[in-house]
Amino acid sequence: MSTLLYALGRWSYRHGWRVLVAWLLLLGIAGGSAAIFMKGTDNSFSIPGTEAQAGLEQLSRSFPQASGTSAQLVVVAADGDSVADDPYKSEIEKAVSDLEDLDGVLAVTDPFNEMVSGLVSDDESAAIIRLQFDGQATDVTPETKDELHAISADLESALPDGSQVAIGGDLFSQSVPAISIIEAVGVLVALFVLIVTFRSLVVAWFPLVSALIGVALAISLILVSTAFASISSTTPLLAIMLGLAVGIDYALFIVARHQDQVRSGTEPEESAARATGTAGSAVVFAGVTVLIALIGLSFAGIPFLTTMGIAASVAVAIAVLVAVTLTPALLGFAKGRVVGWKRKRRHDARAEAAAAEEGEAVPSSRAAQAAPKARRGFAGWWVDGVTRHPIVTTIAVVLGLGLLAIPAASLRLALPNAGMQPTTSEARQAYDLTSEHFGPGFNGPLILTGTIVTSTDPLGLMEDLGKAVEKIDGVKAVALATPNQTADTGIVQLVPETAPDDPATADLVRELRAHHDEWLDKYGVDLKVTGFTAVAIDISDRLGAALLPFGIFVVGLSLVLLMIVFRSIWVPIKAAVGYLLSVAAAFGVIALVFEHGVGADLLHVAKTGPVISFMPIILMGVLFGLAMDYEVFLVSRMREDYVHKRRAQGGVDDRPTAVGAVRSGFRASARVVTAAAVIMFAVFAAFIPEGDTSIKPIALGLAVGIAIDAFLVRMTLVPAVMALLGAKAWWFPKWLDRALPHFDIEGEAVERELALADWPGEDSTAVVVAEDLEIAADDRALVRDVSLTLEPRESLIVTSPVAAEGRALLLAIAGRVAPTGGRLRVAGHLLPERSAWVRAHVGVALLWGAPDPLDELRQALKGRTSLVVVDGVDVLTLAQRTQAAGMLRDAASTALVIAAIDAATAQSLLADAGRPPATAIDLTRPSTLSPSEVTR
């Protein structure tokens, strides 16, 4: 991975205009497609497989008048007036007549109809006109909504002064999130942080430009997808928030590494390639963790949440691609101007003392005067204090976050409704007026429906059912109990005593369902509890049930991924515990604000109470990926320093070495991680003040979670625990090391390739060069201490009484098996770093066990390969050997490596092919060979 990114970074640096134009062209195509094909977002929520959803589907088939979305006009008389008197009554009846003419309206309920009860308040101070539409909220056209508002305005103007008319109901229960100017503040803060971090106005724009192009492309693609799928209005906003934050941070990591390298004297083009190969590898890993976590949102089994996760993952994936391609391209435009202005340096005796404690070289006073040592800064003093008192630090952080998490126990979840909208919203005003004059439950009626086709007295049956339902605790009134026109389906509409998002309403739904069997036996009706309130409750329950498996998935994933990266047991466990502390504390802060009202006015929270149901699972998924970002960037530098210091000390593995690596690694990465965390915090926090009710708790949770995880967990708890563990932090069982794949997160492959760039020499023309090569499998060395050189057109014969040994060497040369020691370069590419390139240009013929050995050889020789490896020529019959010789004769310009048990057989085949005598190597007696040392 790192070598691929290294090559990609160099290419992008050299072809900056091509890369920039390509991304802008993609953005133009996606943006144009969005303008042409997008159909708008959808605010309806559904959850297949639940009783409430099944009930709605049944109603849509047999009782459409009760299945579609609804709206209502709440009319409140002036003080002392009665809505039952004129002009209220006559004007309401006129409005009812006008509403019946609206497109898509199935029925309008007159509150003064003798067949209807409950739509006029007990004190006659208010009345409700109820409308039933055909289809869901998304099926109601904007023109119909405009006409509805016009009728409402005409009604209010015709009534006496002091009266009120407000529109509400399910049709207006969901607000459409929108971007405001406040969100731009987060971008400005990010720009300021980038300027301070890079000390350059030019470089500071690079991460911002990369992120904005990536976000614009992601949003365009999401809007295009509305033509083919249902996308909630919250989805684009979440993608913007997440894509902007990670897009800036990912580019920041690469640019920061590049700037440090250029300042230390590396040539800009080489530095851009190295930064993309090293920091870019960490960016790819971090992006993959976020992608997996977001796609894991499908655990809940809720379509709109799965779509939301996929859309956000698209934004993250684009952010990664833009970071590793467009960022080095922009660096190519800047060339050497990325250094920025110089920071004032001064001599610091305390820094020297700390460096001496960690085993670093300390300059003499005279040398210090000639070249003053840079001060450590706050990061140095912070990590020194934390690692000197690791026990106190660990206890303080864990206890503090534990206390902050306590309010999370009171966190309540619900889908958003009009009661959560700002008080300036007409839907919120209608919600409050309905609660005031009719009771909170009137905003969320429930429906019981079932088939009554077998009943001989449908009217009497529904009347009896209505009376039975009315006796249930929590039911304020049964507004309707009637069969449909064909008398095959009945509904019971009831008004709860509590609001739609009140936990008591959810308990009522469960209580009604608990009577299912009783009513089935007594009345013969298979009743389902449904309605939009019941759907919201089912979604909240499903999401709550998904939290535990999703949490196990995320924590388990973090353990596995970090074990792959760091080859350690304790580092992943520490990271997972820290993540859980961050999530719990973030939940606690959300509960303090939205449940208990702490700081609610400051954050413009319209109403305290339940937060949106999918907040916890989204917060867990997104925060997991971001927390792993900080863990990787901090701890990978600590591990890198630990490995280097241990190697410099001849393998000494003691506590001072480990603690010194923690401190030096922290100082090297703290600046970038701090900048990244501040930027993410600013971007997320900017969505809080004026954010939509759906986004506000998510934005608050992410902002708080980022701040806690970055500054308290990763930059305080992590170095403290690492200091406590010492060298034990890097302990890893050998069997687990063999079982898990390797991921070069630290760019070791790039460093090795650069170190061996001049090997075996500038004048070398060899196709294959090996030095002290070793290949092992299952703790058994198959090949050991093999050195060889193979020039173009020449041949090498590998013999061994054990066929697996010869095959192992051939597959290593062909880039199919990774060497475990020594050096190997094939066709100019270093292995195993460039195995992908080698595999594409080396033919392989495995004759042992092949159904048609000659066809296997023929396929290997196809194309213009510079090298072909052939294993098992001993299996060829005499006739087959003659044909094989002809094939090899035609490939005279190709270098050959042949594995055989009998060297004479292979030499005979080469002689028949008219090729020069081959170099031979016996794996039972490895030696250094060159083409001039021919063994018969």
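Read-outs: derived from the displayed coordinates by stated rules, not from any lab. On a predicted model such as this, the values are computed, not experimentally measured, just so you know. Neighbour counts are summed over all protein chains in view; Cβ atoms, including those assigned to glycine, are modelled from backbone coordinates with ideal geometry.
Brief remarks on what is shown
- When the convex hull of its Cα atoms is viewed from all sides, segment 869-913 shows a mean projected area of 2.7 nm².
- Toward the positive end of the charge dipole of segment 755-929, with +1 on the Cβ of Lys and Arg and -1 on the Cβ of Asp and Glu, the farthest Cα among 790, 814, 845 is that of 845.
- For the chain, size of Cβ-based charge dipole, Lys and Arg +1, Asp and Glu -1, in debye: 6740 debye
- For segment 781-920, a Kirkwood radius taken over Cα pairs fed into Stokes-Einstein (20 °C, viscosity 1.002 mPa s) yields D = 144 µm²/s.
- Once backbone amide H atoms are built at 1.01 Å from N, residue 898 has 796, 797, 798, 870 as its partners under 5 Å, excluding neighbours fewer than 5 places away on the same chain.
- Multiplying the residue separation of residue 270 and residue 879 by 0.36 nm and subtracting their alpha-carbon distance yields 213.8 nm.
- Positive-pole candidate from 233, 727, 867, dipole of the chain, charges at beta carbon: 867
- Computed extension gain for residue 333 through residue 24, at 0.36 nm per residue and net of the alpha carbon distance, reaches 109.6 nm.
- Considering segment 51-172, its Cα convex hull presents a mean projected area of 8.0 nm².
- Here is the P(r) of segment 508-613: all C-alpha pair distances, binned every 10 Å from 0, give 12, 24, 24, 21, 14, 5, 1 in whole percents.
- Here the Debye sum runs over all C-alpha atoms of segment 655-731 as equal scatterers in vacuum, and log10 of I(q)/I(0) at q = 0.12, 0.22, 0.24, 0.28 Å⁻¹ comes out as -0.45, -0.91, -1.00, -1.17.
- Charge tally for residue 769 (other residues, Cβ to Cβ under 9 Å; Lys, Arg +1; Asp, Glu -1): +1.
- 3J(HN,Hα) from dihedral phi, segment 578-590, Karplus parametrisation 6.51/-1.76/1.60, rounded to Hz, x for glycine, proline: x, 4, 4, 5, 4, 5, 4, 5, 4, 4, x, 5, 4
- Computed FRET value (nearest 0.05) for residue 451 with residue 139, which takes r as the C-beta separation and R₀ as 35 Å: 0.85
- Rg(Cα)/(2.2 N^0.38 Å) for the chain, N = residue count: 1.20
- The chain, relative contact order [Cα under 8 Å, separation at least 6], %: 13 percent
- Built amide H within the under 5 Å cut-off of residue 135, gap 5+: 68, 69
- Once the Cα-Cα distance is subtracted from the 0.36 nm per residue extended length, the residue 649 to residue 521 segment shows a gain of 37.9 nm.
- Kirkwood Rh in Å, taken over segment 803-854 so that all alpha-carbon pairs contribute: 11.7 Å
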